[in-house]
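To start, the structure under review is shown below, and the notes come after it.
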Amino acid sequence: MRYSKVSRNAESALGLHLRYAFEPGEQRGATLGNPLFDLLTAVLEAGSIRHASQSLKCSYRHLWGSLRAWEEKLGEPLIIWSQGQRARPTQFAERLLWAERRARTRMQPHIEALRSDLARVVADAKDQRHQLLTVQASHDMALSVLQQHVAGTADLHLDIRFQGSADALRALSDRQCLVAGFHVPALRGAAPVFAKALKPLLKPGRHKLIGCARRMQGLMVRREHAALVRTFPDVIRHRLRFVNRQLGSGTRMLIDHLLHEHSIDPRDLPGYNGLTEETHVAVALCVASGLADAGVGVEAAALEFGLHFEPLVEENYFLACLKTNLGHAAVLRLCAALAGSGWRDILSNLPGYRAALAPGKVLVMTEALPWWPKIKSKPKQRKPGAARPRGTRTESAEVPESLVSYRQEPV
């Protein structure tokens, strides 16, 4: 009764106030500091208040007093404590932790965008010579790391806005950004779905592609379902609840490709038309929290939430640029950073990622993307009796399949 009474008062008194601070070190992803959730997370992970106080570098008495103060503010018990037993979070505290983490994770693209804008303010104030590169891109965990890398090594600020692959390419054509990021599977069989969505948005001669990274996409499930899932149809076979991605995203196209490849009706996939998320980490959190049983995403997101990852297909992550902007100073700095050994080292330490075959190089779009048919050059007609020109080859001049996506064009 004591808590229900305080709860009614707390509801009208408590309000949410957001603040930010300039402190040493980097903050990434959906991280936002908050004393309450820092305390609850420490208790949950440490298993006791004493161990939590050690991890937070504060006294047992201070931590206990802070928890009691928060209970009074919220009007709900946060810790279960009895003589001779370890203190542990209540069900309310655990639900609160999951709900807060899910809210932050779903807002991650917007949090990162705000953080990027504020970082740009500091960079502008320090040195106006730094270059700004506007990027709209399909969500990718490596891009946030790239943003930090080029800021420190190339004096380049990436102003990144995450959205679906199709919307990013439209923004590029509308000149809302200098660079757009999108991804496609390294499979010719993916052409029907991806070609229908992306081919109309890319024009050979007008758009150019820059090699960025390769990444593995796969199924993310909790550990108890690891033995059930080896292929995409296993999700349907075991009736696992699926969390989908938003329309227009590259991963949604990949999911539709997998359905097409295995001749599966979308209506047979539990959750296909239900819960959708906009980032890999949001999908992973939905699975980890029990809102869904399976989703498609990158390995780094699965490991962040302690999920089992079953690889399905490797993708090429490309950066698209208008040909007229290839000589822009910011684009040139980005290409140089991608081609450097530092970027390769970063990707080698990011689970599920590896360097593109030609990072930072401008690619022939009609060869880098799998849905453009390769055009064989017709041999010139020779007059009867004329000698064959020296060096002429009789076999087809088509580029070998193993190299077809990676012939480079000079910047």
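Beta carbons closer than 7 Å, at least 6 apart along the sequence or on distinct chains, pair a first residue in the stretch 306-318 that is in contact (Cβ under 8 Å) with a residue 24 or more places away in the chain with a second that is part of a strand (DSSP E or B) and open to solvent by 40 Å² or more (accessible area, probe 1.4 Å) for 311/216; 314/216. The residues of the stretch 307-349 that are hydrophobic (A, V, I, L, M, F, W, C), under 22 Å from residue 163 (Cβ atoms) and not in a strand (DSSP E or B), listed by number, are 330, 331, 334, 338. Candidates 322, 334, 291, 338: the one that is of a type in the set (A, V, I, L, M, F, W, C), more than 21 Å from residue 138 (Cβ to Cβ), in contact (Cβ under 8 Å) with a residue 40 or more places away in the chain and out of contact with any Phe, Trp or Tyr (no Cβ under 7 Å at 6 or more places or on another chain) is 291.
Restricting to the stretch 329-343, what's the tally of residues that are in contact with a helix residue (DSSP H, G or I) (Cβ under 9 Å, 6 or more places away or on another chain) and open to solvent by 40 Å² or more (accessible area, probe 1.4 Å)?
1
A single entry from 245, 267 fulfils the requirement of being among the charged types (D, E, K, R) and closer than 20 Å to residue 139 by Cα: 245. Please indicate, with yes or no, whether at least one residue in the stretch 174-182 is without any contact (Cβ under 8 Å) to a residue 24 or more places away in the chain, surrounded by fewer than 20 Cβ atoms within 10 Å (Cβ to Cβ) and among the acidic types (Asp, Glu). There is at least one residue in the stretch 174-182 that is without any contact (Cβ under 8 Å) to a residue 24 or more places away in the chain, surrounded by fewer than 20 Cβ atoms within 10 Å (Cβ to Cβ) and among the acidic types (Asp, Glu).
For the stretch 216-251, a residue qualifies if it is surrounded by 23 or more Cβ atoms within 10 Å (Cβ to Cβ) and charged (D, E, K, R), and exactly one does: 245.
Residues that are of a type in the set (D, E, K, R) and either at pLDDT below 80 or not in a helix (DSSP H, G or I) (or both) were ranked within the stretch 79-99; the one that is nearest to residue 278 (Cα to Cα) is 88. If we scan the stretch 367-380, do we find a residue that is touching a Leu at 6+ places or on another chain (Cβ under 9 Å), open to solvent by 40 Å² or more (accessible area, probe 1.4 Å) and modelled with pLDDT of 85 or more? There is no residue in the stretch 367-380 that is touching a Leu at 6+ places or on another chain (Cβ under 9 Å), open to solvent by 40 Å² or more (accessible area, probe 1.4 Å) and modelled with pLDDT of 85 or more. Looking only at the stretch 43-66, which residues are in contact with a Ser or Thr (Cβ under 8 Å, 6 or more places away or on another chain) and under 17 Å from residue 97 (Cβ atoms)? Within the stretch 43-66, 45, 46, 63 qualify.
A single member of 37, 92 is open to solvent by less than 50 Å² (accessible area, probe 1.4 Å) and among the aromatic types (Phe, Trp, Tyr), and it is 37. Of the residues making up the stretch 64-78, those that are open to solvent by less than 30 Å² (accessible area, probe 1.4 Å) and either at pLDDT below 80 or part of a loop (DSSP other than H, G, I, E, B) (or both) number 2. Within the stretch 192-214, restricting attention to residues that are in contact with a Lys or Arg (Cβ under 8 Å, 6 or more places away or on another chain) and basic (Lys, Arg), the residue that is surrounded by the fewest Cβ atoms within 10 Å (Cβ to Cβ) is 206.
Scanning the stretch 50-63 for residues that are open to solvent by 90 Å² or more (accessible area, probe 1.4 Å) and more than 36 Å from the chain's Cα centre (by Cα) gives 50, 61, 62. Every condition in (1) closer than 18 Å to residue 300 by Cα; (2) in contact with a His (Cβ under 6 Å, 6 or more places away or on another chain) is met by residue 132 except one, and the failing one is (1). If you go through the stretch 148-173 and keep only what is open to solvent by 30 Å² or more (accessible area, probe 1.4 Å) and either under 15 Å from residue 108 (Cβ atoms) or in contact with a helix residue (DSSP H, G or I) (Cβ under 8 Å, 6 or more places away or on another chain) (or both), you end up with 149, 151, 153, 155, 161, 162, 163, 170, 173.
The values are calculated or read from the model by the stated rules, or taken from the named source; none is laboratory data. For clarity, every value in this text was computed on a predicted model and none was experimentally measured. Glycine also receives a Cβ, built like all others from the backbone with ideal geometry; neighbour counts cover every protein chain displayed. Surface areas here come from the heavy atoms of the whole protein model, side chains and all, with no ligands, DNA or RNA. Shrake-Rupley method; radii C 1.70, N 1.55, O 1.52, S 1.80 Å.
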